[in-house]
Amino acid sequence: MPADSDVSAPKAAARAAFERVESELVELSQRIHAHPEIKFEEERACAWLGEALTGYGFDVESGICGLPTAFQARVGSGPLNVVVCAEYDALPGIGHACGHNIIAASSVGAAVALAEVADDLGLTVRVMGTPAEEGGGGKIILLKGGAFDGAHLAMMTHPAPIDIVAWPIIAAQQFCIRYHGKEAHASAFPELGRNAADALTVAGVAIGLLRQHIHAGDRVHGIVTHGGEAPNIVPAHTEAEYIIRGKTVADFEIMRDRVMRCFEAGALATGTTLEVTPRHEPYSEMRHDPDLSAAYRRNAEALGRTFPHFDPRAAGSTDMGNVSLAIPSIHPAIGINSYPAVNHQPEFTAHCASPAGDRAVIDGAIALAWSAIDCAADDAVRNRLLAKT
């Protein structure tokens with residue numbers, strides 16, 4: 001299809017195909033929201049998505065790359081290979097406070113819309129079911145396992161308080177921090193103890209002092225998950241979970257080394273031993289493909305979406321960043337009109353099952369599908385993407 005081709009007909013056909021399943025996908029979003037499952041435990045969501053895609057004519061392969069709650073669904077056989085990523089894991093304690101139910105349903109919807117025009121546009125359309133975005137690095141495992149091989153572009157859209165074309169996404173990694181000391185009676189024989197809780201305290205103070213000397217885009221934050229057994233026992237074992245972030249992977253690596261010295265200081269000061277376990281491989285920064293991003297903005301605006309000013313310091317992290325370094329990708333935010341409620345708040349969880357959340361399923365699916373159509377129909381963009389293989 002030449003660069004100046006009229007895309008109104010394939011866009012209309014794609015939208016009509018989505019509208020035939022719209023009510024089913026809104027219900028699917030609501031169902032996933034009502035049954036939250038944390039990373040690597042998304043058994044129901046994975047099964048529901050697979051069943052829906054099978055019913056829509058996709059060939060579905062479950063349990064790919066050794067991940068029981070990952071899947072791939074495929075339709076079409078054209079040379080331009082489009083991957084739509086579906087996330088569906090929830091957060092511990094607060095459910096779908098990042099709106100992955102919306103991501104899952106909108107990604108299926110985008111794929112159904114594209115399937116309608118795949119033969120005409122020379123597309124292969126894949127839905128990649130990607131578990132454990134919340135601290136498990138599911139996409140990294142799939143990327144390393146070859147699940148994304150042959151893809152020319154990857155896309156998804158993520159709920160947020162407002163619409164954002166190119167959400168700032170920075171590098172990150174989560175670590176389990178453990179200190180091991182020695183118990184003793186906290187009053188009668190404290191001198192015989194080695195206090196692992198004090199080690200965490202020293203590390204926390206050191207990290208707090210470090211904050212003055214780090215770049216504005218760097219982040220470090222954590223929680224204590226085990227602080228001891230009883231107040232009259234010197235704590236011999238303590239545990240914490242920390243996330244360290246940097247603007248890029250290179251920045252993160254510098255930040256990681258500095259923060260690790262703070263944890264080492266806690267062990268040195270208290271005579272305890274330190275154990276550090278990475279929870280996943282580093283999430284990389286996101287590279288939003290400019291052509292895909294421009295297409296998404298045009299199509300979202302055509303649906304009535306607007307893109308207000310967004311503070312670039314409000315950055316998050318995702319394993320979609322790793323995909324973007326390997327494949328031209330986008331990860332825009334789709335607004336659900338939730339502010340002042342923001343991601344990872346219980347109030348945001350409620351908004352992800354609201355009428356605005358349902359609207360995000362619809363608009364997100366259509367905007368993604370239309371953006372892929374634009375890229376397939378523009379010879380310059382299409383040839384650039386095909387050349388990435």
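FYI, it's all coordinate maths here, none of it is from the lab. Since we're looking at a predicted model, the values are computed, not measured. Every residue, glycine among them, receives a Cβ derived from its backbone with ideal geometry; neighbour counts consider all protein chains shown.
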* Structure fact -> All alpha-carbon distances of the chain, grouped into 10 Å bins from 0, give the whole-percent distribution 5, 23, 30, 21, 12, 6, 2, 1, 0
* Would you list which lysines come within 25 Å of Lys139, measuring only between C-alpha atoms, while excluding same-chain residues fewer than 8 positions from it? => Lys39, Lys247, Lys388
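Among DSSP beta bridges lying fully in the chain, give the percent that are antiparallel, nearest 5.
Details: 38 of 55 bridges.
Bridges in the chain that DSSP calls antiparallel: roughly 70 percent.
Within a Cβ distance under 14 Å of Arg15, other residues only, what is the Lys/Arg minus Asp/Glu net charge? Numbers along the way, then the final one.
Details: positive: Lys11, Arg20; negative: Glu19, Glu22, Glu116, Asp363, Asp374.
Value of the local net charge: -3.
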* To do: Note the full-extension length gain between Thr306 and Lys144 as 0.36 nm times their separation in residues minus their Cα-Cα distance, in nm to one decimal.
  => 54.7 nm
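Among Met286, Met128, which comes first, second and so on when ranked by fewest other beta-carbon atoms within 10 Å?
Neighbour counts put them in this order, fewest first: Met286, Met128.
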* Per q in 0.20 1/Å, what log10 I(q)/I(0) does a Debye calculation on the alpha-carbon atoms of the range 171-278 return? -> -0.94
* Under 19 Å from the Cα of Lys11 - aspartates and glutamates, other chains or at least 8 residues apart -> Glu19, Glu22, Glu116, Asp119, Asp120, Asp291, Glu301, Asp363, Asp374, Asp378, Asp379
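For the range 1-145, would you read off the P(r) tail past 20 Å as a percentage of all alpha carbon pairs? Walk me through the numbers on the way to the answer.
Numbers: 4803 of 10440 pairs.
The calculated P(r) of the range 1-145 puts 46 percent of pairs beyond 20 Å.
Which semi-axis lengths, in whole Å and largest first, follow from the square roots of five times the eigenvalues of the Cα gyration tensor of the range 223-338?
On the way: eigenvalues 339, 61, 26 Å².
The answer is 41, 17, 11 Å, longest axis first.
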